[in-house]
Amino acid sequence: PDWNEKVLKYKDYSFFHTKEWCQTLVYSYQYKPLYLIDHTDIGSNIFPIMEVRSITGKKKLISLPFSDYCNPLLTKSYDLQKCKVAFSSRFDHITSSTIDFHTCTNFIPGLAVYDLEVVQKIDAKPLPELFKSFYHNTRGNILKSEKSGVYIKIDNSLNGLNEFYRLQALTRKRHNLPPQPGYFFKNLFDIIINHNMADIFLGYYKNNIIASGLFLKFGEKVLFKYANSDFVYQELRPNNLLTWEAIKYYFESGFSEFDFGKTEYGNEGLRKYKHGFNAYDIPVLHFIYNIHENTFKLKKPEKIKLNNLIFKYAPVSHLKFVGNTIYKYFP
């Protein structure tokens, strides 16, 4: 019952460590949580792990699925060799031979580090100073959006969720991808939004909802998890204004860190957009632990290419069906 309070004692905590995120993944996708906790005299080392089944039924272990990153929560008495023994003994019976870690913490001494993916963050400071630090184009796009009559509201109702999901489906279609399942967002609403751990921001223009964002909040940190927009209104730059209004809202509410989420390696356009808000990069490292060989490797994640001609020309209703049916198999 006091899991979240314990997690907050660690410097590297994130929303992805919360029991609510665990519950949302379990209820939505029937993943099996296998959190490994190594108790020591001065605290516990925590490795959040879930057992996931592929579309062929093969089991695999991930820390954690559909999470931008999930750092192990470590004490000063962290002992890698002891933890490796625990990995082997705890998971040896599982058919998966590896554990996938996505982390911003290089907890493997001597392993070479290079950028694969990044998360981008800004820290709280006086808002005038912060705004002045934004790139010239970003400031201009925010002011342009305001002058055009775009305005932002928070709507944490079911109607707000439905509008968010409508735009989410349109945005995913632009990228030739199915959206996340509607039942995932309904569970997120019931478990997370209804417990004041997330907010839905909507961007309006002449009573039309043209942009949306979903923000996850825990402790003093807030994460910009999902961003969507109607491309018809792209010239109004609603996403720039929505992002700025969210930054102001959370820093004025006492949050100390605004996390823009993960940017995939090579996505220079999105990375540039986030840099426009003067966000700094933190590498996300993909560690593969081989249970049977008792070794760690650092390698670029294999990306399954779902964007093809079928998705490109399929209507949104069909893409929603695909997302509801197969999305859980591709964490």
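The values are calculated or read from the model by the stated rules, or taken from the named source; none is laboratory data. Keep in mind that this is a model prediction, so the values were computed, not measured. Note that each Cβ is placed from the backbone with ideal geometry, even for glycine, and that neighbours are counted across all protein chains shown. Accessible surface areas use protein heavy atoms only, side chains included; no ligands, DNA or RNA. Shrake-Rupley method; radii C 1.70, N 1.55, O 1.52, S 1.80 Å.
Computed with every protein chain present, the accessible area of Ser253 is close to 70 Å² [probe 1.4 Å].
Residues whose amide H lies under 5 Å from that of Glu117, counting only those 5 or more places away or on a different chain, are Val284; hydrogens are built 1.01 Å from N in the peptide plane. Considering only beta bridges that DSSP places wholly inside the chain, some 90 percent are antiparallel. Reported value for the chain: 145 Å³ per residue, from the convex hull of its C-alpha atoms.
Which order do Lys217, Lys59, Lys9 take by accessible area at a 1.4 Å probe, largest first? Before the final figure, lay out each step's value.
Values: Lys217 25, Lys59 55, Lys9 170 Å².
Largest to smallest exposure gives the sequence Lys9, Lys59, Lys217.
Between 0 and 90 degrees, the angle of helix 182-191 with respect to the longest Cα principal axis of the chain falls at about 80 degrees.
Using the Cα gyration tensor of the range 6-50, with a ≥ b ≥ c the square roots of its eigenvalues, what is the shape: rounded (a/c below 1.5), prolate (a/b larger than b/c) or oblate (neither)?
Working: a/c = 3.46, a/b = 1.72, b/c = 2.01.
Cα axes put the range 6-50 in the oblate bin.
Between Tyr78 and Lys132, what length comes free when the chain is fully extended (0.36 nm per residue of separation minus the Cα-Cα distance, one decimal in nm)?
Values: separation 54, 0.36 × 54 = 19.44 nm, distance 4.15 nm.
Difference between extended and current length: 15.3 nm.
Rounded to the nearest 20 debye, what is the charge dipole size of the range 45-102 about its Cα centre when +1 sits on each Lys and Arg Cβ and -1 on each Asp and Glu Cβ? Mind showing how you got there, number by number?
Numbers: 8 positive and 5 negative charges, 28 e Å.
For the range 45-102, the charge dipole is close to 140 debye.
Rounded to the nearest 10 degrees, the angle from helix 316-326 to the longest Cα principal axis of the chain is 10 degrees. Projecting label points 7 angstrom from Cα along Cα→Cβ for Gln30 and Thr325 puts them 1.6 nm apart. Result for the chain in a Gaussian network model with C-alpha springs under 10 Å: among Cys22, Cys104, Cys83, the largest mean-square fluctuation is at Cys83.
Each residue of the range 39-47 was assigned a 3J(HN,Hα) from its phi angle through the Karplus expression (A = 6.51, B = -1.76, C = 1.60, θ = phi - 60°), giving 7, 10, 5, 10, x, 10, 8, 10, 10 Hz with x at Gly and Pro.
Two decimals is fine: what's Rg over Rh for the range 175-287, C-alpha atoms, Kirkwood radius as Rh?
Numbers: Rg = 14.8 Å, Rh = 15.5 Å.
In the range 175-287, Rg relative to Rh is 0.95.
Leaving out ligands and nucleic acids, and using a 1.4 Å probe, what accessible area per residue does the chain come to in Å²? Provide the component values of the computation, followed by the final result.
Details: 15790 Å² over 331 residues.
On a per-residue basis, 48 Å².
What does the charge add up to near Ile142, with Lys and Arg as +1, Asp and Glu as -1, over the other residues with Cβ less than 11 Å from its Cβ?
+3
How far is helix 238-252 tilted off the main Cα axis of the chain, in degrees rounded to 10, range 0 to 90? Orientation of helix 238-252: about 70 degrees from the principal axis.
Across the accessible surface of the range 119-182, with the other protein chains kept in place and a 1.4 Å probe, carbon and sulfur atoms take up 54 percent. Contact order for the range 39-167, expressed relative to its length and based on alpha carbon pairs under 8 Å spaced 6+ residues apart, stands at 20 percent.
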